[in-house]
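Notes to accompany the following structure.
Each reported figure results from applying straightforward, stated rules to the coordinates on display, with no laboratory input. None of these values were measured; they are calculated from a predicted model. Please note: Cβ atoms are built from the backbone with ideal geometry, for glycine as well, and neighbour counts cover all protein chains shown.
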C-alpha cells in the first residue's frame, strides 16, 4: 500500500508530533489570565475573534504551549502569521497591526521569558536559525533558552508593567 501526502498535511503531522514533545504548561485558567491581561481582545487589534498563537512557532522545535509563548491573536492574523518569525511578520504587516500594541506584546513576552526586549528578538532569530527536527527535540528536552545559554535576568519588577 502506498501513501501520498501533500506537503501541508505532512507538515501538520510533523507539527503535531513536535507540539506533543515541547513544554506544555498550559490550562484553561492560564489561558483566561492571558486573555484577561489583554482585556479580552486580540493582543494586536480590538478583535474579540481570536485564537491561541505561539509567538515562537512550534514547527521550529522551540517554544511550546506555555505562558511564555502564547497570546491571543486575531484569527485572520494568526492564519497569515503561520510559522513565520514574528518580528519579520510584523514588518510585513505593519499596516494591519497597531505598533503600540505590538510593542506591549513584545514587552509582555520578553518579561514572561525573563528577557529584555532586544534579547527576545535575538532569541527568536536564534530559534529560527536553529530549527529542530522531531529526532532532535526527542533527544534534547531542555528549554530552548537553556540550550542557547540565556540566564535569568529578573529585569522587571512587574509582569503587568509596560514602559
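Could you give log10 I(q)/I(0) at q = 0.11, 0.15 Å⁻¹ for the stretch 14-151, computed by the Debye formula over C-alpha point scatterers of equal weight, without solvent? Debye output, listed in q order: -0.37, -0.71. Sorted from longest to shortest, the spans of the Cα atoms of the stretch 50-92 along the three principal axes equal 24, 20, 14 Å. Among 57-66, 128-137, 111-120, the peptide with the highest mean count of other Cβ atoms within 10 Å heads the list, and the full ranking is 57-66, 111-120, 128-137. What separates the Cα centres of the stretch 82-141 and the stretch 31-62 is a distance of 13 Å. Given 0.36 nm per residue, what is the gain on full extension from residue 96 to residue 138 after removing their alpha carbon distance, in nm? Gain in length upon complete extension: 11.4 nm. Taking 0.36 nm per residue of separation and subtracting the current Cα-Cα distance, fully stretching the chain between residue 16 and residue 36 would add 4.5 nm. Taking only alpha carbon atoms, the stretch 79-130 gives an Rg to Rh ratio of 0.96, where Rh is the Kirkwood radius.
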